[in-house]
Amino acid sequence: MEDFSTLKQPTGTWEASEEATDTPSLLVVILDANPASWYSLSKRIPVAKVLADINVFLNAHLAFHHDNRVAVLASQYNKVEYLYPKPETEETVPLLDPTKEANTYRKFREVDDFVLGGMRRLMNSTSSISKKTLMSGALSRALAYINQAQSQKYIRSRIVIFSLTGDVALQYIPTMNCIFCAQKKNIPISICNIAGGTLFLEQAADATGGIYLKVDNPKGLLQHLMMTLFPDQNLRKHLNTPNQANVDFRATCFCHKNVLDIGFVCSVCLSIYCEPRDFCSTCQTKFTSSTISKRKFS
């Protein structure tokens, strides 16, 4: 027993840190609910399998801490809607499936039924086909929900976006405003790119300290979610998370909404244009002809 006395004893006292405290976590998930994108994905994997994997991911977050919370938003081409939790003004009890096993944890049942039922209703109610999704509006509502939750008591918050549709140039400015807001509030935005190109969302993950995950094979979606996106911002400090080696930081012009390699920036309001202009359409600043001629490319 004397040998054990030679072991190094800890000195000092333990200090309560954010990692050591039992702080709950809020996970806000944004689902790309564009029917055209889901139809294209259904040729590779059943839609029910993808949604089942996402529900397992949500339930695992709830099971990790008794005070953990989740919120799910669906982003369509013309609107953003809460799938879970439902607003108090809406009737939610009949959506629960009474045929399921009675021993199932009620929160798990609510998440499963509300997400699956809400996505089914949105898909069936869509009458027009569009290749766009209102991602900037979904980010705005997600940040507003987090701000409301944090005003009541401190809770670690993060956003995970499941992207299936490419970027929309017209949403560049509002999307960047949401990114700067999340960056200021220390809210990481992680991206799970199942299909489509997401230049703006790559920038969001890099600027806010989130993770950008490109899923090449959707059949292994659950494994990617549990091994990469499940740990929150504090646990990621102790893990080797994937890094973004090459981030595309190109912007879009304010005049034609095109992605630019080289552009012209207003010195007053920092608006970006693809060609020289006599005045800025945003702040109405007039540029002298001599300044414009010097900036023109040969």
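The values are calculated or read from the model by the stated rules, or taken from the named source; none is laboratory data. Here the structure is a predicted model, which means the values were calculated and not measured. When we count neighbours, we look across all protein chains shown, and the Cβ atoms used for this are built from the backbone with ideal geometry, even at glycine. Ligands, DNA and RNA are stripped out before the accessible areas are found, and what is left, the full protein with its side chains, is counted by its heavy atoms. Shrake-Rupley method; radii C 1.70, N 1.55, O 1.52, S 1.80 Å.
Rounded, prolate or oblate: which fits region 25-237 when a ≥ b ≥ c are the square roots of the eigenvalues of the alpha-carbon gyration tensor, with rounded for a/c under 1.5 and prolate only if a/b beats b/c?
Numbers: a/c = 1.33, a/b = 1.08, b/c = 1.23.
It is rounded, given that a/c, with a ≥ b ≥ c, falls under 1.5.
Carbon and sulfur: what percent of region 25-237's accessible surface (1.4 Å probe)?
C and S atoms contribute 55 percent here.
Quick check: residue separation of Ala48 and Asn177 times 0.36 nm, minus the Cα distance between them. What number comes out in nm?
Working: separation 129, 0.36 × 129 = 46.44 nm, distance 3.37 nm.
Answer, rounded to one decimal: 43.1 nm.
Around Ile161, which amide H atoms from residues at least 5 apart in sequence, or from another chain, sit under 5 Å from its own amide H, with H modelled in the peptide plane?
Ile30, Ser190, Ile191, Cys192
Would you kindly derive the ³J(HN,Hα) couplings of region 71-76 from the backbone phi angles with the Karplus curve 6.51 cos²θ - 1.76 cosθ + 1.60 (θ = phi - 60°), listing them in order in whole Hz, with x for Gly and Pro?
Once rounded to whole Hz, the list reads 9, 10, 10, 10, 10, 9.
Could you size up the charge dipole of region 25-237 around its Cα centre, putting +1 on the beta carbon of Lys and Arg and -1 on that of Asp and Glu, and report it in debye to the nearest 20?
About 240 debye.
Rounded to the nearest 0.05, what FRET efficiency do Lys237 and His65 have when you use their Cβ-Cβ distance and R0 = 25 Å?
Result of the calculation: an efficiency of 0.90.
Using DSSP, restrict attention to beta bridges with both residues in region 25-237 and report what percent are antiparallel, rounded to the nearest 5. Please list the in-between numbers first.
Values: 4 of 26 bridges.
Bridges in region 25-237 that DSSP calls antiparallel: roughly 15 percent.
Once fully extended, how much extra length lies between Tyr39 and Asp261, figured as 0.36 nm per residue of separation less the alpha-carbon to alpha-carbon distance? Before the final figure, lay out each step's value.
Numbers: separation 222, 0.36 × 222 = 79.92 nm, distance 3.27 nm.
Once the chain is fully extended between Tyr39 and Asp261, it gains 76.7 nm.
Around Val70, which amide H atoms from residues at least 5 apart in sequence, or from another chain, sit under 5 Å from its own amide H, with H modelled in the peptide plane?
For Val70, whose amide H was placed from the backbone, the distant partners under 5 Å are Leu27.
Run the 1.4 Å probe and let me know the accessible area of Cys283, rounded to the nearest 10 Å².
50
Listed highest first by mean packing, meaning other Cβ atoms within 10 Å per residue, what order do 68-79, 263-274 come in?
Those peptides, ordered most packed to least, come out 68-79, 263-274.
Label Met226 and Cys283 with points 7 Å out from Cα along Cα→Cβ: what is the distance between them in nm?
5.2
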